[in-house]
Amino acid sequence: MTYLRYAPDVEKPDPDEQKTIDGIINGMTQQSETVEAREHHAVRASHAKSSACVTGELMIAAGLPPELAQGLFATPGTHPVAVRFAQGPGETLGDRVSTHRGMSIKVFDVPGEKLPGHAVDTQDFVLATGTTFPSGTAAGFLRDGTVIGKSTGLPEGVKSAVSSTMRNLNRALHAFGTESALADFFGHPYSHPLADSYFSQAPVRYGDYVAKLGVVPATDSQRALSEWRLDPHQDEDGFRHATVAFFRDHEVVFELRAQIWADAESQPIEDASVDWPVSISPYRTVATLRLPRQDAYSAARVRYFDEVMTFRPAHSLTAHRPLGSVMRARLRVYQALSDFRHSKNGVASEDTASIDHVPA
């Protein structure tokens, strides 16, 4: 198969993109202010409620073909990692509001040229359930973010009803062999967080190439969770309790996979709402993420993950620069919202340089 090469001109920013990004920052900051006033504490503007805060290792496979042996994945070896699992909303809600999920990975001991402003040897991958980002572009991000922002002040029961409606919509669509990424974004099934797969959704540079990334459960014990469903009426923090309980008794393993860019027409760079066909370019394993049995929610570690540590697409090697409209927005939006959160809480943020900084 012939894969397309990375070049700076693969990105085509809109002339008014900076104005759009400023609008996203303003809107999401207002949303964060609403949540802070209600909760008396500033939380992440997305993926606020953590389910597990864990450490482990990323093992990069040996003998990868040239198109996969790129950037971080060019050299076989093992890297320490910190991983945060979280629910989607940018506020602390009960689990009956089951939207998309997030998985953020910080890889340590990663030498190489970094993006401007990133000065330590780490590489962050910020992933979510769903292979696409439904908003598609920065302009769509602003449009959909405005709707979410206006709904932030609504009662939790209304948000639960919306989430339920979206889940039911996808359940009906599944009967016809299809589904809606937007419906899943707002109404993800009550599935186990460790049975889900997580994706970059938008592309990143992959050394000489371009790729989307994903992580997929790799153990029989995780796959056995595929039919597990939370009853939120029994436990409004059930995703956390189920995840922590699983980590207490089991090792958790994911395969990290790359889908290399192969067709500019069917696999656009600028529109993250388009699912890249796996028939053209499949996801292929490049590394194994191994998370051993551990206390996945110790008080000291949770405070560090939730209040101090930052996970951002901008924490990246130049070789894995985020690409496309949504990713260019994220480069600035994550920084601005992190600054707001840490300032409001009186906590100094940390671009964590070593796994030794992470509490047990």
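The values are calculated or read from the model by the stated rules, or taken from the named source; none is laboratory data. Keep in mind it's a predicted model, so treat the numbers as computed, not measured. Using ideal geometry, Cβ is built from the backbone for each residue, glycine included, and neighbour counts are taken over all protein chains shown. Side chains are part of the model used for accessible areas, which takes the heavy atoms of the whole protein and leaves out ligands, DNA and RNA. Shrake-Rupley method; radii C 1.70, N 1.55, O 1.52, S 1.80 Å.
Things to note:
- Scanning the stretch 66-81 for residues that are open to solvent by less than 10 Å² (accessible area, probe 1.4 Å) and farther than 20 Å from LEU115 by Cα yields a single hit, LEU68.
- Qualifying residue in the stretch 240-253 (condition: part of a loop (DSSP other than H, G, I, E, B) and at pLDDT 95 or above): yes
Every residue, every condition in (1) at pLDDT 95 or above; (2) of a type in the set (Val, Ile, Thr); (3) closer than 29 Å to GLU39 by Cβ, yes or no:
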{"site": "ALA258", "(1), (2), (3)": "yes, no, no"}
{"site": "ASP263", "(1), (2), (3)": "yes, no, no"}
{"site": "GLU270", "(1), (2), (3)": "yes, no, no"}
{"site": "VAL274", "(1), (2), (3)": "yes, yes, no"}
{"site": "ARG321", "(1), (2), (3)": "yes, no, no"}
{"site": "VAL333", "(1), (2), (3)": "no, yes, yes"}
{"site": "LEU337", "(1), (2), (3)": "no, no, yes"}
{"site": "VAL347", "(1), (2), (3)": "no, yes, yes"}
{"site": "VAL358", "(1), (2), (3)": "yes, yes, yes"}
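- Condition check for VAL302: touching a strand residue (DSSP E or B) at 6+ places or on another chain (Cβ under 9 Å) and assigned to a helix (DSSP H, G or I): yes
- Pick from the stretch 248-272, criterion in contact with a Pro (Cβ under 9 Å, 6 or more places away or on another chain) and open to solvent by 50 Å² or more (accessible area, probe 1.4 Å), ranking: farthest from ARG96 (Cα to Cα): ASP263
- Yes/no for LEU72 being part of a helix (DSSP H, G or I), on the phi < 0 side of the Ramachandran plot and in contact with a strand residue (DSSP E or B) (Cβ under 7 Å, 6 or more places away or on another chain): yes
- Residue among ALA37, ALA45, ALA7 that alone is touching a Leu at 6+ places or on another chain (Cβ under 7 Å) and either of a type in the set (Gly, Ala, Ser) or more than 19 Å from VAL326 (Cβ to Cβ) (or both): ALA45
- Residue tally, condition part of a strand (DSSP E or B) and either within 15 Å of the chain's Cα centre (by Cα) or under 24 Å from GLN30 (Cβ atoms) (or both), over the stretch 82-128: 19
- Residue in the stretch 283-299 that is farther than 19 Å from TYR198 by Cβ, modelled with pLDDT of 95 or more, in contact with a Cys (Cβ under 9 Å, 6 or more places away or on another chain) and part of a helix (DSSP H, G or I) present: no
- Breaking point among (1) within 21 Å of ARG84 (Cα to Cα); (2) outside any loop (DSSP other than H, G, I, E, B); (3) out of contact with any strand residue (DSSP E or B) (no Cβ under 7 Å at 6 or more places or on another chain); (4) modelled with pLDDT of 95 or more, for HIS192: (2)
- Restricting the stretch 311-360 to residues that are outside any loop (DSSP other than H, G, I, E, B), of a type in the set (Ser, Thr, Tyr) and under 20 Å from SER46 (Cα atoms), the residue that is most open to solvent (accessible area, probe 1.4 Å) is SER343.
- Filter result (within 18 Å of PRO155 (Cβ to Cβ), touching a Phe, Trp or Tyr at 6+ places or on another chain (Cβ under 8 Å) and among the hydroxyl-bearing types (Ser, Thr, Tyr)) within the stretch 81-117: SER98, THR99
- Of all residues in the stretch 1-27, those being of a type in the set (Asp, Glu), assigned to a helix (DSSP H, G or I) and within 22 Å of the chain's Cα centre (by Cα) number 1.
- If you go through the stretch 28-59 and keep only what is outside any helix (DSSP H, G or I), open to solvent by less than 10 Å² (accessible area, probe 1.4 Å) and of a type in the set (A, V, I, L, M, F, W, C), you end up with ALA42, ALA52, CYS53, VAL54, LEU58.
- Some residue of the stretch 228-247 being surrounded by 15 or more Cβ atoms within 10 Å (Cβ to Cβ), farther than 30 Å from PRO66 by Cα and β-branched (Val, Ile, Thr): yes
- Entry remark, the stretch 264-286: residues being more than 19 Å from the chain's Cα centre (by Cα) and aliphatic (A, V, I, L, M) number 3 in total.
- Matching residues, the stretch 225-237, being in contact (Cβ under 8 Å) with a residue 24 or more places away in the chain and part of a helix (DSSP H, G or I): LEU225, SER226
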